[in-house]
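Here is the structure we will look at.
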Amino acid sequence: MPHYRVRTPLNWLMIKGPGDNFAEAFFSNEGAARYGFTPIWFNHSMPSGAIFLASDPEHPYGWNRPESELASGRITHVGVRKFQLGMITATCYEYRHVYDDAARSSSSIFDPPVLWESLCSTQPNGVDYNLRAAFLGHHEDLAAFYDLLNSASPSH
């Protein structure tokens, strides 16, 4: 992304989105995917995913789930984490999504019982571009997402 420097692990599949301010990532720290992106037929689960967006200093956007979405009980707010990206603070709201219930139990890789989500955004300072990042995937991959976010810094 043109406004942030981020150290991306070599085993992450990165896809540049339309324009310069959007990128997607797919990754896993399980099985063969630890060494590179693995074809779906060799995986026992879908890879985790992340998106990264930058917006100009005049258009800050926070990112978190509204309380109305948490009312169903399927999404639980787990915690808040903060990271320093140079002189900017990023706040991440972590959630746990429970999809498994008695009426629908599946062992399909496309239908996991639990996924973790982290919605992160920088606090605008009026000078630097704002960064938003979102993770949706397996709990064991969440630390890798936070490591990548912790490596980000504004490029001047």
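What the table shows:
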| item | result |
| --- | --- |
| Number of positions in the stretch 121-156 that are among the acidic types (Asp, Glu) and at positive phi | 0 |
| Yes/no for residue 17 being modelled with pLDDT of 75 or more, closer than 21 Å to residue 117 by Cα and surrounded by 13 or more Cβ atoms within 10 Å (Cβ to Cβ) | yes |
| Subset of the stretch 133-156 [under 14 Å from residue 49 (Cα atoms) and either part of a strand (DSSP E or B) or over 12 Å from the mean Cα position of the chain (by Cα) (or both)] | 133, 134, 135, 136, 137, 140 |
| Neighbours by Cβ (under 9 Å, 6+ apart or cross-chain): first from the stretch 11-24, farther than 14 Å from residue 133 by Cα; second of a type in the set (Lys, Arg) | 11/34 |
| Top-ranked residue in the stretch 74-127 [being more than 17 Å from the chain's Cα centre (by Cα) and small (Gly, Ala, Ser); ranked as modelled with the highest pLDDT] | 86 |
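The values are calculated or read from the model by the stated rules, or taken from the named source; none is laboratory data. Predicted model only: the values in this text are computed from it and were never measured. Neighbour counts are summed over all protein chains in view; Cβ atoms, including those assigned to glycine, are modelled from backbone coordinates with ideal geometry.
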